[in-house]
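Scroll down for the structure; my scribbles are underneath it.
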Amino acid sequence: MNRHPTPATQPLIVLQINVSKGSIQQEIALAYAYAEKADILLVQEPYIYRDYTRRITTRHPTYECFSLTDNWIAGQPRVLTYIRKQARLQATQLHSIAADSPSFPNTLFFHIIGTARASFLIVNAYNALYGSIRASETARALTQLPLSLFLQPTLLAGNFNLHYPYWQLSYSYSITPFAEQFAK
């Protein structure tokens, strides 16, 4: 009996974290992802150097970094997705859904084909906090996508800034506007 999985049967390892715009937190997240051999790292509120024209963020030689747009001058990206170069994944960023779209300013969509030829969708999203500019805009846009997009296995991950008892049973304060619609 072979106790070591073959590359085709190894599980996909995905990590997700909000680093609150901290460069050290993002370096730690990348180092941890590397140590754990994570295939995909989904980062919300990444560190972005204040001169957006230079497109500087934290990088790691083992991972390829993706952002929503090449134009950071319009504003800093709120999500970055890192895919391990040696993960043997076919990752296609789906620009047709979100590229420079005002409806998806903080969302990355990827079609992934794994080593076992399994296909799935990964969505990395940041939804602005209630009371902020563009609050609930990302969550609202996600609910308006055609259901046919989600016929394949899908991982929806991110920081949604929506308080609701379904995912936080101990939450006893008021529900964030649009949280109930998003939960449905």
Carbon/sulfur fraction of accessible area - the chain, other protein chains in place, 1.4 Å, %: 53
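So, R0 is 35 Å and r is the distance between the beta-carbons of Gln10 and Leu156; what FRET efficiency does that work out to, to 0.05?
0.95
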Taking 0.36 nm per residue of sequence separation and subtracting the Cα-Cα distance, how much length would be gained by fully extending the chain between Leu94 and Asp70, in nm to one decimal? 7.2 nm
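Restricting things to Cα coordinates, could you compute the convex hull volume per residue of the stretch 109-167 in Å³?
Hull volume over Cα atoms, normalised by residue count, gives 98 Å³.
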Per its Cα gyration tensor (rounded if a/c is under 1.5, else prolate when a/b beats b/c, else oblate), the stretch 60-159 is best filed as oblate
Could you let me know the centre-to-centre spacing of the stretch 63-91 and the stretch 155-181, using Cα atoms, in angstrom? 26
Taking 0.36 nm per intervening residue step and subtracting the Cα-Cα distance, what contour gain separates Thr143 from Leu129 on full extension? 3.3 nm
Can you list the HN-Hα couplings for the stretch 14-28, worked out from phi with the Karplus curve (6.51, -1.76, 1.60; θ = phi - 60°), rounded to whole Hz and with x for Gly and Pro? 10, 10, 9, 7, 9, 9, 6, 6, x, 5, 5, 4, 6, 4, 5
Whole-Hz couplings from phi, Karplus 6.51/-1.76/1.60, listed for the stretch 120-136; x for Gly and Pro: 7, 10, 10, 10, 10, 10, 10, 10, 4, 4, 3, x, 8, 5, 6, 4, 6
Amide H of Ser136: which non-local residues (sequence gap of 5 or more, or other chain) have their own amide H closer than 5 Å, using H built in the peptide plane? Ala128
Which length gain, in nm to one decimal place, applies between Asp51 and Arg117 when the Cα-Cα distance is subtracted from 0.36 nm times their residue separation? 19.7 nm
At Ser23 and Glu36, where each label point lies 7 Å from the Cα along Cα→Cβ, what is the point-to-point distance in nanometres? 2.5
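The values are calculated or read from the model by the stated rules, or taken from the named source; none is laboratory data. Model, not experiment: these values are computed from the prediction. A quick note on method: Cβ atoms are made from the backbone with ideal geometry, for glycine too, and the neighbour counts reach across all protein chains shown. Protein only, heavy atoms only, side chains kept; ligands, DNA and RNA dropped before computing areas. Shrake-Rupley method; radii C 1.70, N 1.55, O 1.52, S 1.80 Å.
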